[in-house]
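K.L.:
Shown below is the structure under consideration.
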């Protein structure tokens, strides 16, 4: 595994990010990120909380523009596209949101049918077959008439997954798909991500910090920290990495290169001070 | 301060133009617009009718008290009709609309923003301005004049109830003087006002919701801003339009 941030060598990259810089005000989120998602593969993006994993997805999907650098999706430079261009690109993408983001005033069936109704004029019978097929793929055909408020977190995530694949996308993006799920639901989602990827030939990008789950499905993983890709490779390569930050992240140690404490002033001075002035580091 | 206000007005104007580019939803998705007319209009009917009745009854009482000092209590019908058609109907309905339908629109769109529903639409290459905002804006604009009409009818009934049934004004004088004195221009003034208030209140509501911070506090703040801005804007527009109509 290379020690320096680099990219996986692939001529068939569906997503190619080069020299990405992005920040909020004076705070730098990305400081020269390079990464690729190869066609038909599951690419994992890992990193501690607050490293900008979700922001990276927002940049890939054209929701925000980078300060500098290139974001190429399906061979098209996202940063130079107008709204119509971004929308035409998104028609080839599906995205699973952290909380599912189901439309709360529509039933499960209508949620899955939503993108189809918006982009295609299918006879109702064909639409019904399509939606039920996708719901069956995620095991929720029987929940078609339920409302989102009647679903558990895991079920909502699976409905959102059915919606994400209903247009048969070429690229499927998962934003923290395992957050808040019980072990059974998590196992179902893990299985679905890999099965859908293999069965449909979809390119998948999974953003998460659940190391074990990602290791079981990812072909290639990137570890982000401090605005850069600090390591990348297969899950086995990351597991064997001698880099302290990789070791800390992979083994879930509470202290290390990623400190346990948020930067603060002197502890004693803080405790014994009069409370009016809080020393800052 | 003035710069901020002007910049904000500019942003709202651009937002309105962006939404109106999707005005075709009236024809392409009429069910969505009708659903929003129902949400903003029909669901506000009870409060509008109740308030219309009370405003009309107060108008009957106050009008009678004032007019009988000059021996002109027969003109109560005219006073109530003109007061309701030209001022109280559109203004009070707009204030109630801001509090009932406006807050509902803002919090609904704001919560959709906070729960990533709008972002999900954008990722599905569906413009939320077309799918969510345009039907609600147009529904609100259509609903307002209809609500004003209902408010006016119930208000006149309330004024008649008090003036004729309780205070003893002659029924024939009440209705015939109203019929003789109220002109089409008076009705038109109320229609123009209600349309303008509908645009202002609905626009403020959808703008604040669409641009709400995606947090609980952000949605709460946006809802409050909707009521405050809509109310002030209603009274400001009312003054401008009244001055314009009187100066005609």
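K.L.:
To make sure I understand, if each residue's beta carbon is the centre and we count other beta carbons within 10 Å, what order do A:221, B:72 fall in, fewest to most?
P.N.:
With the sparsest Cβ surroundings first, the list reads B:72, A:221.
K.L.:
Most mobile of A:97, A:114, A:178 per a Gaussian network model of chain A (Cα springs, under 10 Å)?
P.N.:
Top of the fluctuation ranking is A:114.
K.L.:
With a 10 Å cut-off between alpha carbons and a GNM built on chain A, which of A:120, A:144, A:38 moves the most?
P.N.:
Of A:120, A:144, A:38, the most mobile in the Gaussian network model is A:120.
K.L.:
Per DSSP helix of 4 or more residues, -39500 (n - 2.57); summed, then divided by the residues of chain A. What does that give at 222 nm, rounded to the nearest 500?
P.N.:
Result for chain A, helices only: -10500 deg cm²/dmol.
K.L.:
What is the mean number of Cβ atoms from other protein chains located within 10 Å of the Cβ atom of each residue in peptide A:96-103, rounded to a whole number?
P.N.:
Mean number of neighbouring Cβ atoms from other chains: 5.
K.L.:
If r is the Cβ-Cβ distance from residue B:29 to residue A:26 and R0 is 45 Å, what FRET efficiency results, to the nearest 0.05?
P.N.:
0.55
K.L.:
So what is the relative contact order of the range B:29-246, in percent, for Cα pairs below 8 Å that sit 6 or more residues apart?
P.N.:
Once normalised by length, the contact order is 37 percent.
K.L.:
Could you tell me how far the Cα centroid of the range A:44-86 sits from the Cα centroid of the range B:1-69, in Å?
P.N.:
40
K.L.:
Once you treat every alpha carbon in chain A as an equal point and sum by Debye, what is log10 I(q)/I(0) at q = 0.09, 0.12 Å⁻¹?
P.N.:
-0.48, -0.80
K.L.:
Could I ask something else about it? For residue B:175 paired with residue B:21, estimate the spin-label separation in nm (one decimal), with each label point 7 Å from Cα along the Cα-to-Cβ line.
P.N.:
Taking the simple label geometry, residue B:175 and residue B:21 are separated by 5.3 nm.
K.L.:
What is the order of B:237, A:189, fewest Cβ neighbours within 10 Å to most?
P.N.:
The fewest-first ordering by Cβ neighbours comes to B:237, A:189.
K.L.:
OK, next. Please state the relative contact order of the range B:68-183 as a whole percent: Cα pairs under 8 Å, 6+ residues apart?
P.N.:
57
K.L.:
Per-residue mean of other chain beta-carbon atoms within 10 angstrom of the beta-carbon, peptide A:55-67?
P.N.:
Whole-number average of other-chain Cβ neighbours for A:55-67 is 1.
K.L.:
While we're here: Please list B:65-71, A:167-173 highest first by mean number of surrounding beta-carbon atoms within 10 Å per residue.
P.N.:
A:167-173, B:65-71
K.L.:
Could you work out how far helix B:45-68 tilts from the main Cα principal axis of chain B, as a 0 to 90 degree angle to the nearest 10?
P.N.:
Orientation of helix B:45-68: about 30 degrees from the principal axis.
K.L.:
Calculate how many DSSP beta bridges within the protein assembly as shown are antiparallel, expressed in % of all such bridges and rounded to the nearest 5.
P.N.:
55
K.L.:
Set the Förster radius R0 to 56 Å, insert the Cβ-Cβ distance between residue A:147 and residue B:188 as r into 1/(1 + (r/R0)^6), and round the FRET efficiency to 0.05.
P.N.:
Step by step, r from the Cβ atoms, then E = 0.80.
K.L.:
Packing-wise, with mean Cβ within 10 Å as the measure, how do A:106-112, A:70-76 rank, highest first?
P.N.:
A:106-112, A:70-76
K.L.:
A further question follows. Quick one: plug the Kirkwood hydrodynamic radius of the protein assembly as shown (C-alpha pairs) into Stokes-Einstein at 20 °C, 1.002 mPa s, and report D in µm²/s.
P.N.:
Estimated diffusion coefficient is 80 µm²/s.
K.L.:
If R₀ is 30 angstrom, what is the calculated FRET efficiency for the pair residue B:246 and residue B:7, using the beta carbon separation as r and rounding to 0.05?
P.N.:
Efficiency for this residue pair is about 0.40.
K.L.:
When you look at the Cβ of every residue in B:110-123, what mean number of other chain Cβ atoms sits within 10 Å?
P.N.:
Mean number of neighbouring Cβ atoms from other chains: 6.
K.L.:
Just the C-alpha atoms of the range B:29-246: what Rg/Rh do they give, with Rh taken as the Kirkwood radius?
P.N.:
Ratio of gyration radius to Kirkwood radius: 1.08.
Quick note: the coordinates plus some simple rules give every number you see, no bench work behind them. In this text the structure is predicted, and so the values were computed from the model without any measurement. Methodologically, a virtual Cβ is constructed for each residue, glycine included, from the backbone with ideal geometry; neighbour enumeration extends over all protein chains shown.
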